[in-house]
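Below you will find the structure I want to go over with you.
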Amino acid sequence: MGKKEKSPARQALSRLLPPLGQRIVKTAVAVFLCLLYYWLRGYRGMNMNTEAGITAIICMQPYLHDTRDFAVSRLTGTLIGSFWGLLLLLVLLAAPELENHLFLVYTMMGLGVLASLYTAVLLRRADASGLAAIVFLCIVIAFPEIEEPLRQAGDRIFGVLLGTGVAIGVNTFRLPRSKNREAVFFVRARDLAPDRFSQIPSSALYRLNYLSQDGARICLMSEHAPAFFTLQMSQTVFSVPLVVMGGAAIYDLNEQTYLYTENIRPQDSRRMREYLDRMGLSYFIYTVHSHRTCIFHSGDMREEERVIYNRMKRSPYRDYLDEGDFPPEEIVYLKVIGTDQETARWLATLQSFLHSRHLRGVIRREAGTSGISALYIYSARVSVKLAENKVMELLRKEDPKLQPVEVFLDRPYQSEHDAMQLLHRLGNLYEPLRLPWKKEQKAEE
């Protein structure tokens, strides 16, 4: 029996309340342990030391090696800032008459900030420079109302050591988690890299490979042919086929074979090509033959097309054929390239014809160009949702309980951080915390 569907209210609640991340829980535990230590030492109220807790919050990262890197940076910055702060306080305390010349004191503080920043750079720890300056300022800013400067600097260093130690210790401990083996995660390629000419960050590829090898079913989706994935993921093994060509095809990256294509009907493609020829337009014809993406060109190539053509033909995973015949039943889509204004005008002109021939037009900007777009013409049946359903049909032949889960960015991709945040969220969905009340809830269902 398949998994019971969630009610609309529970689905809405799930969207509003995302799964409780492991990092959140571990950060709260680390801060609690730091506060507990100082409470047992007799600290209360305004005297409570927060340095360790703040350090634990900063150092706690999704992965242990990142926590160690942040810990080293935090400790380095604290040591540098404490050294210069303590040195300046000793100078100021040795010359008490400076209390009457605060302009000179603040000038010295400014120079101390400069020294802290520059020392971090000299030590090849530029990532710790800002923190070094902050620690320095926190130590000296209260002058002349400062007692026992050595103890103040020592307490700050000890607090950082305590916070980093607790953060690493807590992050090493693995909270109980259960793996969601019944989910198929659908991820868009454009949420991992800005366009097909860009590299997916190596950190994201590593995380994808790790999750896939651990058993997560991940289906990557792209508007383009499989060459984007073939070029970048030759070392990655996926247990789920890819959705490519904007939903017009399903591709097995491991076997490098097409499992499904939604081709344009021969009579529709013939009429469509005749219509484009009458309009005086040249275009690319994308076909799938013997599990290879074969691309033909019809008409005189315009300058906008040649720019894209010369760039795309460099790939060894795309077969651009200048001559030759092809079976009309193998056409997956047609592609017409022009300026943004031209493609919008062409789509408006073709709209009624497309509808009458059971076709659909989509405009997409061409990556790496300015003001150039492409009009893609598919069968009207083509859609990403239909392709998702096809993938699920294939997978449910082996496991009927599988359920689709879409993991998308809420905004356009901007940096490597977005890709890692997306995969971190996917990891939490694949391996959520195993909490007692979740067990009870599952038993009730």
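What's the total number of residues in segment 77-116 that are open to solvent by 30 Å² or more (accessible area, probe 1.4 Å) and either in contact with a strand residue (DSSP E or B) (Cβ under 6 Å, 6 or more places away or on another chain) or assigned to a helix (DSSP H, G or I) (or both)?
Within segment 77-116, residues that are open to solvent by 30 Å² or more (accessible area, probe 1.4 Å) and either in contact with a strand residue (DSSP E or B) (Cβ under 6 Å, 6 or more places away or on another chain) or assigned to a helix (DSSP H, G or I) (or both) number 23.
So, one more: Just give me the residues in segment 395-412 being assigned to a helix (DSSP H, G or I) and either modelled with pLDDT under 90 or surrounded by fewer than 16 Cβ atoms within 10 Å (Cβ to Cβ) (or both), in sequence order.
Filtering segment 395-412 for residues assigned to a helix (DSSP H, G or I) gives 395-396.
Hit for segment 395-412 is ARG396, nothing else.
Among what's in segment 230-245 and is in contact (Cβ under 8 Å) with a residue 60 or more places away in the chain and open to solvent by less than 10 Å² (accessible area, probe 1.4 Å), pick the residue that is nearest to VAL384 (Cα to Cα).
VAL243
State whether one or more residues within segment 63-74 are touching a residue at least 24 places away in the same chain (Cβ under 8 Å) and among the hydroxyl-bearing types (Ser, Thr, Tyr).
Checked against the condition, which is being touching a residue at least 24 places away in the same chain (Cβ under 8 Å) and among the hydroxyl-bearing types (Ser, Thr, Tyr), segment 63-74 yields at least one hit.
Here's a follow-up. Among the numbered criteria (1) without any contact (Cβ under 8 Å) to a residue 60 or more places away in the chain; (2) surrounded by fewer than 19 Cβ atoms within 10 Å (Cβ to Cβ), which one does ALA227 miss?
(1)
So, ARG365, is that one closer than 30 Å to ARG271 by Cα, open to solvent by 40 Å² or more (accessible area, probe 1.4 Å) and modelled with pLDDT under 95 or not?
Criteria met by ARG365.
Based on this model, can you work out whether TYR251 counts as open to solvent by less than 20 Å² (accessible area, probe 1.4 Å), in a strand (DSSP E or B) and at pLDDT 85 or above?
yes
State yes or no: is ALA12 modelled with pLDDT of 65 or more, of a type in the set (Gly, Ala, Ser), in a helix (DSSP H, G or I) and within 30 Å of the chain's Cα centre (by Cα)?
Answer is no for this residue.
Scan segment 416-433 and give yes if some residue there is farther than 30 Å from PRO201 by Cβ, touching a Gly at 6+ places or on another chain (Cβ under 6 Å), in contact (Cβ under 8 Å) with a residue 12 or more places away in the chain and not basic (Lys, Arg), otherwise no.
Narrowing segment 416-433 to residues farther than 30 Å from PRO201 by Cβ: none.
No, there is no match, as no residue in segment 416-433 is farther than 30 Å from PRO201 by Cβ, touching a Gly at 6+ places or on another chain (Cβ under 6 Å), in contact (Cβ under 8 Å) with a residue 12 or more places away in the chain and not basic (Lys, Arg).
Looking for something open to solvent by less than 20 Å² (accessible area, probe 1.4 Å), within 25 Å of ALA56 (Cβ to Cβ), within 30 Å of the chain's Cα centre (by Cα) and not hydroxyl-bearing (Ser, Thr, Tyr) - is there at least one such residue anywhere in segment 133-147?
No, there is no match, as no residue in segment 133-147 is open to solvent by less than 20 Å² (accessible area, probe 1.4 Å), within 25 Å of ALA56 (Cβ to Cβ), within 30 Å of the chain's Cα centre (by Cα) and not hydroxyl-bearing (Ser, Thr, Tyr).
Check GLU329 against each of (1) open to solvent by 70 Å² or more (accessible area, probe 1.4 Å); (2) farther than 25 Å from LYS385 by Cβ; (3) out of contact with any strand residue (DSSP E or B) (no Cβ under 7 Å at 6 or more places or on another chain) and name the one condition it does not meet.
GLU329 satisfies all of (1) open to solvent by 70 Å² or more (accessible area, probe 1.4 Å); (2) farther than 25 Å from LYS385 by Cβ; (3) out of contact with any strand residue (DSSP E or B) (no Cβ under 7 Å at 6 or more places or on another chain) except (2).
Can you find, within segment 99-109, the residue that is farthest from ALA142 (Cα to Cα) among those that are among the aliphatic types (A, V, I, L, M) and in contact (Cβ under 8 Å) with a residue 12 or more places away in the chain? Full working, then the answer.
Within segment 99-109, the first condition is being among the aliphatic types (A, V, I, L, M), and the residues that meet it are 102, 104-105, 108-109.
Filter once more, keeping what is in contact (Cβ under 8 Å) with a residue 12 or more places away in the chain: 105, 108-109.
Numbers: VAL105: 11, MET108: 14, MET109: 11 Å.
Applying the filter and picking the extreme gives MET108.
Here is a follow-up. Can you work out which of the residues in segment 381-394 that are surrounded by fewer than 18 Cβ atoms within 10 Å (Cβ to Cβ) and touching a helix residue (DSSP H, G or I) at 6+ places or on another chain (Cβ under 8 Å) is farthest from ASN263 (Cα to Cα)?
Only one residue fits best here, namely LYS385.
In this structure, does GLN152 turn out to be out of contact with any Asp or Glu (no Cβ under 6 Å at 6 or more places or on another chain), in a loop (DSSP other than H, G, I, E, B) and either at pLDDT below 85 or within 30 Å of GLY427 (Cα to Cα) (or both)?
So GLN152 does not fit the description; no.
Quick one: LEU208 ticks every box in (1) touching a Gly at 6+ places or on another chain (Cβ under 8 Å); (2) in contact (Cβ under 8 Å) with a residue 40 or more places away in the chain; (3) open to solvent by less than 10 Å² (accessible area, probe 1.4 Å); (4) not charged (D, E, K, R) except a single one, so which number is it?
Status for LEU208: all satisfied but (1).
Continuing with the same structure: Considering only residues that are of a type outside the set (A, V, I, L, M, F, W, C) and either under 17 Å from GLY299 (Cα atoms) or crowded, with 18+ Cβ neighbours inside 10 Å (or both), which ones fall in segment 343-359?
Listed by number, the residues that qualify are THR343, ARG357.
Same structure again: Go over the candidates ARG292, ARG302, ARG306 one by one and state the one that is of a type outside the set (Val, Ile, Thr), under 28 Å from GLY368 (Cα atoms) and under 30 Å from the mean Cα position of the chain (by Cα). Even if it seems obvious, please write down each step before you answer.
On the way: ARG302 fails: under 30 Å from the mean Cα position of the chain (by Cα); ARG306 fails: under 30 Å from the mean Cα position of the chain (by Cα).
Result of the check over ARG292, ARG302, ARG306: ARG292.
Across segment 413-434, what is the total count of residues that are open to solvent by 60 Å² or more (accessible area, probe 1.4 Å) and either under 16 Å from VAL240 (Cα atoms) or touching a strand residue (DSSP E or B) at 6+ places or on another chain (Cβ under 6 Å) (or both)?
Within segment 413-434, residues that are open to solvent by 60 Å² or more (accessible area, probe 1.4 Å) and either under 16 Å from VAL240 (Cα atoms) or touching a strand residue (DSSP E or B) at 6+ places or on another chain (Cβ under 6 Å) (or both) number 1.
The values are calculated or read from the model by the stated rules, or taken from the named source; none is laboratory data. None of the values given here were measured: they were computed from a predicted structure. FYI the Cβ positions are ideal-geometry reconstructions off the backbone, even for glycines, and counts take in every protein chain you see. The area values use the complete protein model at the heavy-atom level, side chains included, leaving out ligands, DNA and RNA. Shrake-Rupley method; radii C 1.70, N 1.55, O 1.52, S 1.80 Å.
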